[in-house]
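> Pasting a structure below so you can have a look.
The values are calculated or read from the model by the stated rules, or taken from the named source; none is laboratory data. Since the model is a prediction, treat every value here as computed from it, not as a measurement. In this analysis, Cβ positions are derived from the backbone assuming ideal geometry, glycine residues included, and neighbour counts consider all displayed protein chains. Surface areas here come from the heavy atoms of the whole protein model, side chains and all, with no ligands, DNA or RNA. Shrake-Rupley method; radii C 1.70, N 1.55, O 1.52, S 1.80 Å.
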Amino acid sequence: MEDRPDTGSPPTNAWTLGASARECLRYAAYPVLLLSAGSLFAEVLRLGWSRGGAVQYFLAGTIVYLAVLERLVPHRADWHPSGRELCWYAVYFVFTMAGAVLGQSVVAAVLAATPVAGPGLALWAEVPLALLASSLAGYAVHRWAHSNRWLWKVHGIHHVPGKVNVANNGVNHLLDVAFKQGAVQLTLGFLGFSADCLFAVALFTIVQGYFVHANVDVRLGPLHHVLASPEQHRLHHSADLSEAGHFGVDLSVWDRLFGSFTWRPDRSPAVVGVKDPAAFPGTGAILASLLHPVRRPPRTA
């Protein structure tokens, strides 16, 4: 069964929860996730744990946490993945991890050949600067991936599913992941930020990258104007290109600054997916999706 399109049906909960508890969870869900990232950061620095291992455990914990939230406070119950879809998404997740390793390997080779000096700032000053630099680089390459014809053939694989949930955040072409992560990490590398600073950026990137893609009905309040949110990112996946802005997946300030901010309270896309579904293989056609960027378009009579 292929990913189903958005049908406009109201959300229902697979797991029962009282109305007051659901409301509290909608407001507490994001702060809990952010505080957990901050606590892990402090403990890793205090105890000298492996940063790489901490990132992997935090990634797994974040996915599980958001998957549970999707059942407790879903935006749409019909966006829950089926068993078959979960199998597809697991395969794509492996490709996503492979793309990340590829991007990191290229960045490491480039930086080894061109060592740079760090900014020489205290950690409290480094982190916000690194977050801004990372976010701006990510916004730029993401927006370019939507406007460049070849890059869209690679990135569009991510937009094919007709639903948005935490599981299909990993539906990516490995070259798309390598390109976007490579560009961001190369930016941070050339600016010479410290290892502790890069660790903080990695945790925040995990929080935002998976949180915005989750099928959760949560509330951010005024933070919508600073941080990207699931409501905004669902619009990014809209098949209606007039509302499909929001190229920032961590900060929303760049969308404000560069005119791609389309969100307003309670605005939700009618249909998510690509504008022309026939232009891409279905998500279940995994090999065809991997080969899609190098395939020639069908000839017209």
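> So which residues in segment 208-228 are in contact (Cβ under 8 Å) with a residue 60 or more places away in the chain, part of a loop (DSSP other than H, G, I, E, B) and open to solvent by less than 30 Å² (accessible area, probe 1.4 Å)?
If the condition is that a residue be in contact (Cβ under 8 Å) with a residue 60 or more places away in the chain, part of a loop (DSSP other than H, G, I, E, B) and open to solvent by less than 30 Å² (accessible area, probe 1.4 Å), then A214, N215, V218, L220 are the ones that fit.
> Then there is this: Considering only residues of segment 167-187 that are in a helix (DSSP H, G or I) and touching a Ser or Thr at 6+ places or on another chain (Cβ under 6 Å), which is most open to solvent (accessible area, probe 1.4 Å)?
V184
> Moving on to the next point. Please go through (1) touching a residue at least 60 places away in the same chain (Cβ under 8 Å); (2) open to solvent by less than 60 Å² (accessible area, probe 1.4 Å) for R51 and return the number of the only condition it doesn't satisfy.
Failing condition for R51: (2).
> State all residues of segment 229-242 that are part of a helix (DSSP H, G or I) and free of Cβ contacts under 8 Å to residues at least 60 places away in the same chain; if no residue qualifies, say none.
Scanning segment 229-242 gives E231, Q232, L235, H236.
> Limited to segment 243-290, what total is found for residues that are outside any helix (DSSP H, G or I), among the hydrophobic types (A, V, I, L, M, F, W, C) and over 22 Å from Y92 (Cβ atoms)?
5
> Can you confirm whether P119 is touching a residue at least 24 places away in the same chain (Cβ under 8 Å) and surrounded by fewer than 17 Cβ atoms within 10 Å (Cβ to Cβ)?
The answer is yes for P119.
> Of E70, E43, which residue is acidic (D, E), buried (at least 18 other Cβ atoms within 10 Å of the Cβ) and in a helix (DSSP H, G or I)?
E70 is the lone residue from the list that is acidic (D, E), buried (at least 18 other Cβ atoms within 10 Å of the Cβ) and in a helix (DSSP H, G or I).
> Condition first: open to solvent by 70 Å² or more (accessible area, probe 1.4 Å) and over 30 Å from L186 (Cα atoms). Can you find one or more residues in segment 91-106 that meet it?
no
> Going through segment 258-271 one residue at a time, which ones are open to solvent by 80 Å² or more (accessible area, probe 1.4 Å) and either of a type in the set (G, A, S) or farther than 17 Å from L132 by Cα (or both)?
R264, P265, D266
> Next up: Restrict the check to segment 243-257 and report whether at least one residue is within 16 Å of H155 (Cα to Cα), of a type in the set (D, E, K, R) and open to solvent by 20 Å² or more (accessible area, probe 1.4 Å).
no
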